[in-house]
Amino acid sequence: MFLCDTNVVSEFVRPRPSRRLLEWAEEVPGILISSVTVEEIYYGLGWKPNPRILTAVETFIAERCELVPVSPEIARRSGGMRGVFQHAARRARCRTC
């Protein structure tokens, strides 16, 4: 089983998903997504509605994914890591300004 993020789910529901991703998906025993990924997908669809993508996402999640709940500890660690990465990216951009 592999825990995948929003980018992977988004690629699967494109009209022409990456052949490499499709081949990879055939080889793995299962795809896990977190409840945070589900939230991010629905946030994006709320911001930029697309009925085709909504249907594709819901079908993909129902048929191919297992949902992993996020505990408070996981949320703390993920949020901390995301903040560190964002800070590092901002510092790197500022060096080139």
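The values are calculated or read from the model by the stated rules, or taken from the named source; none is laboratory data. What you see is a predicted model, and the numbers here were worked out from it, not measured in a lab. All Cβ positions, even for glycine, are placed from backbone atoms using ideal geometry, and neighbour counts span all protein chains on display.
With the structure loaded, tell me whether residue 75 is more than 28 Å from residue 17 (Cα to Cα), at pLDDT below 90, loosely packed, with under 10 Cβ neighbours inside 10 Å and of a type in the set (A, V, I, L, M, F, W, C) or whether it fails that test. Judged against the criteria, residue 75 is not a match.
Counting only strands (runs of 3 or more DSSP E) that sit wholly inside the stretch 1-68, those with at least 1 residues that are more than 11 Å from the chain's Cα centre (by Cα), surrounded by 13 or more Cβ atoms within 10 Å (Cβ to Cβ) and at pLDDT 90 or above are 31-34, 65-68.
If I filter the stretch 74-96 for residues that are out of contact with any Ser or Thr (no Cβ under 8 Å at 6 or more places or on another chain), of a type outside the set (Lys, Arg), in contact (Cβ under 8 Å) with a residue 24 or more places away in the chain and part of a loop (DSSP other than H, G, I, E, B), do I get at least one hit? No, there is no match, as no residue in the stretch 74-96 is out of contact with any Ser or Thr (no Cβ under 8 Å at 6 or more places or on another chain), of a type outside the set (Lys, Arg), in contact (Cβ under 8 Å) with a residue 24 or more places away in the chain and part of a loop (DSSP other than H, G, I, E, B).
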